[in-house]
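Below you'll find the structure I mean.
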Amino acid sequence: GGTQSRQNAYTIDGVNVADSGGGGYWMLPSIQWMEEIQVGGLGAAAEYGAFTGGVINGVTKSGGNVFKGGLELYYQPEAWTANNAPEGFETEGDFEFKDVAASLGGPLAKDKLWFFASVEYWEAITTPVGAEDSTDRKIPRFLGKLTWQASEKTRFSLMGEYDKVTQERRGLSAYTLPEASYKQDG
């Protein structure tokens, strides 16, 4: 609708997880946690208020009567990465990307109580074109969820989530020296 990303609504299981000050997303959920992603826009139902752009809702996994899990590993060393730097820019520097994630869900009591747990570690080391040093961004994440089927029409969920972002030399560029960059710890 011609709006900016901060005008979108970001929710997990219908709970607003947006940054109330800036409007962008606040949590960094893992795709491993999601059963489905719902995307809507203008004309969405009333429960998706407080947005003028789009609404993005992640529905988290709950486990079930069958044990299911997953293990994912993504790795990209510098040798696998193309060099698209403009002529005259220094392209020497570090680059590496890795993402390791594991999840497991299943029954604690068949038809009554289920669990889902997931852990992920994401790291990207990059050197901006022309920069004197590299920047290192790390994001560990965890989600644990218990779901109790109290009756045919009533379900209760208890969920705990943790994510952290640490980035060394954030803001580093061809025009910003390492001394002028900063450490993000959030």
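With r defined as the distance between the Cβ atoms of residue 74 and residue 42 and R0 fixed at 45 Å, what FRET efficiency is calculated, to the nearest 0.05?
0.80
Right, next: Over the range 131-175, what relative contact order in percent results from Cα pairs under 8 Å that are six or more residues apart? Walk me through the numbers before you get to the answer.
Details: 63 pairs, mean separation 23.3, N = 45.
Reported as a whole number, the value is 52 percent.
Right, something else. Starting from the Cα gyration tensor of the range 120-159, take the square roots of the eigenvalues, sort them a ≥ b ≥ c, and report rounded, prolate or oblate (rounded when a/c is under 1.5, otherwise prolate if a/b is larger than b/c, else oblate).
Here the range 120-159 falls in the prolate category.
Counting only heavy atoms of the protein chains, get the accessible area per residue of the chain (1.4 Å probe) and round it to a whole Å² value. Intermediate values should be presented prior to the final figure.
On the way: 11700 Å² over 186 residues.
That works out to 63 Å² per residue.
Additional query: Across the range 150-155, in residue order, what do the Karplus-derived ³J(HN,Hα) couplings come to in whole Hz, using 6.51 cos²θ - 1.76 cosθ + 1.60 with θ = phi - 60° and x for Gly and Pro?
Taking θ as phi minus 60°, the curve returns 6, 8, 4, 10, 10, 10 Hz for the range 150-155.
A further question on this structure: Tell me, what is the FRET efficiency for residue 84 and residue 104 to the nearest 0.05, using R0 = 45 angstrom and their Cβ-Cβ distance as r?
Numbers: r = 39 Å, r/R0 = 0.87.
With a Förster radius of 45 Å, E is 0.70.
Rg and Dmax in Å for the range 92-186, alpha carbons only: what are they?
Over the range 92-186's Cα set, Rg and Dmax evaluate to 20.3, 61 Å.
Oh, and also: For the chain, what's the relative contact order in percent, using C-alpha pairs closer than 8 Å and at least 6 residues apart? Numbers along the way, then the final one.
Numbers: 427 pairs, mean separation 29.4, N = 186.
It rounds to 16 percent for the chain.
Moving on to the next point. Under a 1.4 angstrom probe, counting protein chains only, how are 67, 142, 116, 95 ranked by accessible area, largest first?
These residues rank, largest area first, as 67, 142, 95, 116.
Among the listed pairs 68/145; 68/112; 68/138; 68/110, give every one whose C-alpha distance is greater than 24 Å. Don't skip to the answer; put the middle values down first.
On the way: 68/145 14 Å; 68/112 17 Å; 68/138 27 Å; 68/110 14 Å.
The answer is 68/138.
Can you pull the percent of the range 29-186's accessible area that's carbon plus sulfur, 1.4 Å probe, other chains left in place? Mind showing how you got there, number by number?
Values: 5520 of 9910 Å².
Its accessible area is 56 percent carbon and sulfur atoms.
When Rg is the radius of gyration of the Cα atoms in the chain and Rh is its Kirkwood radius, what does Rg/Rh come to? Don't skip to the answer; put the middle values down first.
Numbers: Rg = 20.4 Å, Rh = 19.3 Å.
Taking Rh as the inverse mean 1/r over Cα pairs, Rg/Rh reads 1.06.
The values are calculated or read from the model by the stated rules, or taken from the named source; none is laboratory data. These figures come from a predicted structure and were not determined experimentally. We place every Cβ from the backbone using ideal geometry, glycine too, and count neighbours over all the protein chains shown. Ligands, DNA and RNA are excluded from the accessible area calculation, which covers all protein heavy atoms including side chains. Shrake-Rupley method; radii C 1.70, N 1.55, O 1.52, S 1.80 Å.
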